[in-house]
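Undergrad: This is the structure I have questions about; it appears just below.
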Amino acid sequence: MQIKLDTEFKNNFETIFKYISEDKISASKNFKKELFKQIKEIPHFPYKYRKSIYFEDEDIRDMIFKGYTIVYKVDNKQKTINIADIFNQNKR
């Protein structure tokens, strides 16, 4: 399966990355490295993470990472994982 990053995910990730880097650059780089490492593992077990609490669809999942929710959709027909969004759980 191929991973695709939606525009909303990219924009929200950049905002989060900049926010973290204001406090500590090394922390933001480590956050990015660890997050994308975990995202790259999704195709191996696409249903590993919980069914999304925001949608009524078994193919939409919520990956929790350091207080952030990463919402993604498994598309078995297209053989893709669409990373849709990232947001702070406490700010929704």
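Undergrad: Taking into account only those residues within the stretch 49-91 that are free of Cβ contacts under 8 Å to residues at least 12 places away in the same chain and charged (D, E, K, R), which is nearest to residue 30 (Cα to Cα)?
TA: In this case the residue turns out to be 91.
Undergrad: How do the pairs read when you match residues in the stretch 18-47 that are free of Cβ contacts under 8 Å to residues at least 12 places away in the same chain and closer than 17 Å to residue 69 by Cα with residues anywhere that are in a helix (DSSP H, G or I) and of a type in the set (A, V, I, L, M, F, W, C), using Cβ under 9 Å and keeping only pairs 6 or more apart or on different chains?
TA: Note: pairs meeting the criteria are 20/27; 20/31; 28/16; 28/17; 28/20.
Undergrad: OK, next. Within the stretch 52-65, can you find the residues that are more than 12 Å from residue 89 (Cβ to Cβ) and loosely packed, with under 14 Cβ neighbours inside 10 Å?
TA: Selection gives 56, 57, 58.
Undergrad: Moving to a separate point now. Taking the residues in the stretch 1-35 that are of a type in the set (Phe, Trp, Tyr) and modelled with pLDDT of 95 or more as candidates, determine which candidate is farthest from residue 85 (Cα to Cα).
TA: In this case the residue turns out to be 31.
Undergrad: Quick check: anything in the stretch 36-58 touching a helix residue (DSSP H, G or I) at 6+ places or on another chain (Cβ under 9 Å) and modelled with pLDDT under 95?
TA: There is no residue in the stretch 36-58 that is touching a helix residue (DSSP H, G or I) at 6+ places or on another chain (Cβ under 9 Å) and modelled with pLDDT under 95.
Undergrad: With 85, 62 as the choices, which residue is touching a Lys or Arg at 6+ places or on another chain (Cβ under 7 Å) and assigned to a strand (DSSP E or B)?
TA: One residue alone meets the criteria, 62.
The values are calculated or read from the model by the stated rules, or taken from the named source; none is laboratory data. Computed from a predicted structure; not experimentally measured. In this analysis, Cβ positions are derived from the backbone assuming ideal geometry, glycine residues included, and neighbour counts consider all displayed protein chains.
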